[in-house]
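Some notes on the structure that comes next.
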Ligand code: HEM
């Protein structure tokens, strides 16, 4: 569009679909597979970044890493805000630091996250993670058909355990019911006219239409607030009690309680620890679930990749023990699989929206304050100048000629700039140890039908607005040896 406004000093907005009178680009916004549509816009308007606006929302999409790097990293001071969600307070979602505006409160929370989730600090969680992953191995051995349920439970219980020491064992757990209930019921409120549909991952779970007869907005709001208080209260009180009784294990919350007892802590700090622990549930579980779904699928359809990883594991670890975090540096191919899964199937293809806190000019274009800015992770991980044959699953692309991991550590799936996923080291540890452990123990194969014929798995994904999941499929987990069977059954 070439709309010129007084504050733009004559510079046009970046290229994009031409706005219609009154409704702007309202009808142009995609409701699913947006990441692909935005790539098409880029091609159509011959630009690495495109702009559109509707009903007061201005949106900039960055399809190229170079532009994302320039704006999110080098101009971070302007590009680190979040779009405002008016109902946050109404729903009791003030705890969620991923939604905070760029400012002191966010900075305070982010600093605590960085201290506790930086690469070194994640070591404190290794023992718990390993225990949880070994639990998954046992379940895959005894009940392989329900592998998806098991990986979902792992993805939910690992963060609950590391944050609070709260051991979730069932989807009926009151804390999980409250967390899921709040997200499910609250989501429709976040979508004014559907235009913000791609703004937050949480929007993915739109299920209850608010205009159902007899459903009052306020009643729903009150329910969501209750859910949200419960999901914060239950595990917090559990962790507090465990600490007071001296039975606590080393967790994010116990570390805080210990510090408070020894040195004291402000109310503000206590509130921040609580907020962070609650945020982690939503931030960690769905993204991890999505990654595991892609991983099992990609292994089942790429036996040659699996074989290579298993050769590497057998060589380094042998078959008498299971992988440990210390083995990671000696298993570059397995690490390359982790990177390639997140490249091939980023769980949040459009990341999480940033917003621009001041007017800006870029490459001769005017971008107004308040513009919602998406880094199109999907487009960047499919850029064939960076990743030749981007539609192929090839872990080798992350290795150099000596079979060592390439120096570029950047995993685009974790987002950008000062808002980059603050849990990425924890996520990396969790994802890698799970992948290495499952590969060490099982061959992941396509399931067979009653005639012994392999059941194909399509490359279909469900796209819930922002969160992308491999659509339902079957696969089999075959123990690699009797020894492995023995090793895994001994874990329980
Ligand atoms: C596969 C796993 C994960 C993926 C793909 C992922 C991806 C992302 C992305 C794309 C963002 C937004 C970045 C941006 O604004 O540019 C984000 C933010 C965030 N993530 Fe993750 N994440 C994962 C796991 C985790 C885990 C395990 C934790 C917690 C320990 C976590 C905590 C957070 C938090 C708190 C934010 C908000 C940061 C802020 O607004 O400053 N994430 N994540």
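The values are calculated or read from the model by the stated rules, or taken from the named source; none is laboratory data. This structure is a prediction, so every number in the text was calculated from the model and none was measured. Every residue, glycine as well, gets a Cβ built from its backbone with ideal geometry; the counts of neighbours run over all protein chains shown.
If I filter segment 243-265 for residues that are on the phi > 0 side of the Ramachandran plot and at pLDDT 95 or above, do I get at least one hit? Checked segment 243-265: at least one residue is on the phi > 0 side of the Ramachandran plot and at pLDDT 95 or above. Scanning segment 362-380 for residues that are outside any strand (DSSP E or B) and surrounded by 22 or more Cβ atoms within 10 Å (Cβ to Cβ) returns 371, 376, 377, 378, 379, 380.
For segment 431-485, filtering for residues that are within 16 Å of the ligand (Cβ to nearest atom) and over 24 Å from residue 137 (Cβ atoms) leaves 7.
Checked against (1) away from the ligand (no atom under 16 Å from the Cβ); (2) in contact with a helix residue (DSSP H, G or I) (Cβ under 6 Å, 6 or more places away or on another chain); (3) part of a helix (DSSP H, G or I), residue 307 passes all but condition (2).
For every residue, the table says whether it meets (1) out of contact with any helix residue (DSSP H, G or I) (no Cβ under 8 Å at 6 or more places or on another chain); (2) touching a residue at least 60 places away in the same chain (Cβ under 8 Å); (3) surrounded by 23 or more Cβ atoms within 10 Å (Cβ to Cβ).
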position	(1), (2), (3)
426	no, yes, yes
430	no, yes, yes
433	no, yes, yes
437	no, yes, no
440	no, yes, yes
455	yes, no, no
469	no, yes, no
476	no, yes, no
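The sole residue among 397, 418 that is closer than 29 Å to residue 156 by Cα and assigned to a helix (DSSP H, G or I) is 418. The sole residue among 56, 48, 92 that is in contact with a helix residue (DSSP H, G or I) (Cβ under 6 Å, 6 or more places away or on another chain) and at positive phi is 92. Exactly one residue among 272, 242 is touching a helix residue (DSSP H, G or I) at 6+ places or on another chain (Cβ under 9 Å), within 16 Å of the ligand (Cβ to nearest atom) and in a helix (DSSP H, G or I), and that residue is 272. Here residue 407 meets the list (1) surrounded by 19 or more Cβ atoms within 10 Å (Cβ to Cβ); (2) away from the ligand (no atom under 16 Å from the Cβ) almost entirely, failing just condition (1).
Any residue that is outside any helix (DSSP H, G or I), within 18 Å of residue 232 (Cβ to Cβ) and at pLDDT 90 or above - is there at least one of those in segment 158-166? Within segment 158-166, one or more residues are outside any helix (DSSP H, G or I), within 18 Å of residue 232 (Cβ to Cβ) and at pLDDT 90 or above. Could you please let me know if residue 284 is under 20 Å from the mean Cα position of the chain (by Cα), within 16 Å of the ligand (Cβ to nearest atom) and crowded, with 21+ Cβ neighbours inside 10 Å? In short, yes.
For residue 423, indicate whether it is within 16 Å of the ligand (Cβ to nearest atom) and touching a strand residue (DSSP E or B) at 6+ places or on another chain (Cβ under 8 Å). Spelling it out, it is not the case that residue 423 is within 16 Å of the ligand (Cβ to nearest atom) and touching a strand residue (DSSP E or B) at 6+ places or on another chain (Cβ under 8 Å). Residues that are within 16 Å of the ligand (Cβ to nearest atom), out of contact with any strand residue (DSSP E or B) (no Cβ under 8 Å at 6 or more places or on another chain), at negative phi and not in a loop (DSSP other than H, G, I, E, B) occur in segment 381-388; there is at least one. Selection within segment 333-361: residues that are more than 21 Å from residue 284 (Cβ to Cβ) and in a strand (DSSP E or B). The member of this set that is nearest to the ligand (Cβ to nearest atom) is 355. Residue pairs whose Cβ atoms lie under 6 Å apart, separated by 6 or more positions or on different chains, with the first residue in segment 147-159 and touching a residue at least 60 places away in the same chain (Cβ under 8 Å) and more than 22 Å from residue 425 (Cβ to Cβ) and the second within 13 Å of the ligand (Cβ to nearest atom) and part of a helix (DSSP H, G or I), are 152/289. Looking at segment 80-104, which of the residues that are surrounded by fewer than 16 Cβ atoms within 10 Å (Cβ to Cβ) and within 13 Å of the ligand (Cβ to nearest atom) is farthest from residue 354 (Cα to Cα)? This residue is 103. Taken as a whole, the structure places residue 151 among residues that are crowded, with 21+ Cβ neighbours inside 10 Å, at pLDDT 95 or above and either within 16 Å of the ligand (Cβ to nearest atom) or outside any helix (DSSP H, G or I) (or both).
The lone criterion from (1) within 14 Å of the ligand (Cβ to nearest atom); (2) modelled with pLDDT of 95 or more; (3) farther than 23 Å from residue 356 by Cβ; (4) more than 20 Å from the chain's Cα centre (by Cα) left unmet by residue 128 is number (2). Does segment 336-345 include one or more residues that are touching a residue at least 40 places away in the same chain (Cβ under 8 Å), touching a strand residue (DSSP E or B) at 6+ places or on another chain (Cβ under 7 Å), surrounded by fewer than 19 Cβ atoms within 10 Å (Cβ to Cβ) and under 30 Å from residue 74 (Cβ atoms)? Taking every residue of segment 336-345 in turn, none turns out to be touching a residue at least 40 places away in the same chain (Cβ under 8 Å), touching a strand residue (DSSP E or B) at 6+ places or on another chain (Cβ under 7 Å), surrounded by fewer than 19 Cβ atoms within 10 Å (Cβ to Cβ) and under 30 Å from residue 74 (Cβ atoms). Scanning segment 16-29 for residues that are surrounded by 14 or more Cβ atoms within 10 Å (Cβ to Cβ) and free of Cβ contacts under 8 Å to residues at least 40 places away in the same chain yields a total of 6.
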